[in-house]
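So the structure is just underneath, and the comments pick up after that.
The values are calculated or read from the model by the stated rules, or taken from the named source; none is laboratory data. Here the structure is a predicted model, which means the values were calculated and not measured. As a convention, Cβ positions derive from the backbone with ideal geometry for all residues, glycine included, and neighbour counts pool all protein chains shown.
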Amino acid sequence: MLTYPVKSLIKDPSLVIPVKESLELEPRKYNGELVEFLTPVRVEGELRHVGGWIIEFKGTLDFDVRMACGRCTRPTDLPLHSDMVQRYIADRQENESGDEDVEVYFDEVIDLSDLIYSEISLAIPMKVLCREDCKGLCPHCGKDLNEGPCDCSQEDTDPRWDALKSLLQ
Ligand SMILES: [Zn+2]
Ligand SMILES: [Zn+2]
């Protein structure tokens, strides 16, 4: 559950509510890429009163994912981290600051789920590479070119090189 009653914070602004959650997520697609969660998503932070009816959540997200390399499809693991700051204002209060980034909370309970699930998807990159110079797969035979050249690589040279070669002859 990612809901926190915050009545006590409004009453006593010196209080802080610690947030510590661990979410086990099933593999799912983000931006068309399958993402496997190797660790639970760890959420750590605090809720505090920052004036009026406004509560601020400040925290971090940490988790490791496995995705296919965008070039060679090899499984690639990467640690992800994200810093979050979000303000919430009570539904009874007009948002006088005009700040559109402020979310509304109802019945003195803050629900962090929307924030956390959207931060998780923002933290996941569109594409990963198993290494920066990954050579990818041969478009003809599908061989992983990181393991060495394939047989079709000889014939399939860049035509610009052919032009250069004929100049040198
Ligand atoms: Zn790769
Ligand atoms: Zn090939």
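A few points about this structure:
Residues checked against (1) at pLDDT 95 or above; (2) exposed (fewer than 14 other Cβ atoms within 10 Å of the Cβ); (3) assigned by TED's automatic domain parsing to the domain that holds L25; (4) touching a strand residue (DSSP E or B) at 6+ places or on another chain (Cβ under 7 Å):
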{"position": "W53", "(1), (2), (3), (4)": "no, no, yes, yes"}
{"position": "D62", "(1), (2), (3), (4)": "yes, no, yes, yes"}
{"position": "R66", "(1), (2), (3), (4)": "yes, no, yes, yes"}
{"position": "H81", "(1), (2), (3), (4)": "yes, yes, yes, yes"}
{"position": "S97", "(1), (2), (3), (4)": "no, yes, yes, no"}
{"position": "E100", "(1), (2), (3), (4)": "no, yes, yes, no"}
{"position": "L112", "(1), (2), (3), (4)": "yes, no, yes, yes"}
{"position": "I120", "(1), (2), (3), (4)": "yes, no, yes, yes"}
{"position": "A123", "(1), (2), (3), (4)": "yes, no, yes, yes"}
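- Checking V104 against (1) assigned to a loop (DSSP other than H, G, I, E, B); (2) of a type outside the set (D, E); (3) more than 16 Å from ligand 1 (Cβ to nearest atom), the condition it does not meet: (1)
- I110 in a strand (DSSP E or B), out of contact with any Lys or Arg (no Cβ under 8 Å at 6 or more places or on another chain) and of a type in the set (V, I, T): yes
- Here is the figure for the range 68-77: residues that are part of a strand (DSSP E or B) and surrounded by 15 or more Cβ atoms within 10 Å (Cβ to Cβ) total 3.
- Per-region count, the range 122-140, residues in contact with a Cys (Cβ under 7 Å, 6 or more places away or on another chain), in a loop (DSSP other than H, G, I, E, B) and within 16 Å of ligand 1 (Cβ to nearest atom): 5
Rundown of residues vs (1) assigned to a loop (DSSP other than H, G, I, E, B); (2) within 16 Å of ligand 1 (Cβ to nearest atom); (3) under 19 Å from V19 (Cα atoms); (4) of a type in the set (S, T, N, Q), yes/no style:
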| site | (1), (2), (3), (4) |
| --- | --- |
| K58 | no, no, yes, no |
| V65 | no, yes, no, no |
| H81 | no, no, yes, no |
| M84 | no, no, yes, no |
| I89 | no, no, yes, no |
| I116 | no, no, yes, no |
| I120 | no, no, yes, no |
| G142 | yes, yes, no, no |
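- Here the condition is being in a strand (DSSP E or B), surrounded by fewer than 14 Cβ atoms within 10 Å (Cβ to Cβ) and within 17 Å of the chain's Cα centre (by Cα); of K20, K29, it holds for K29 alone.
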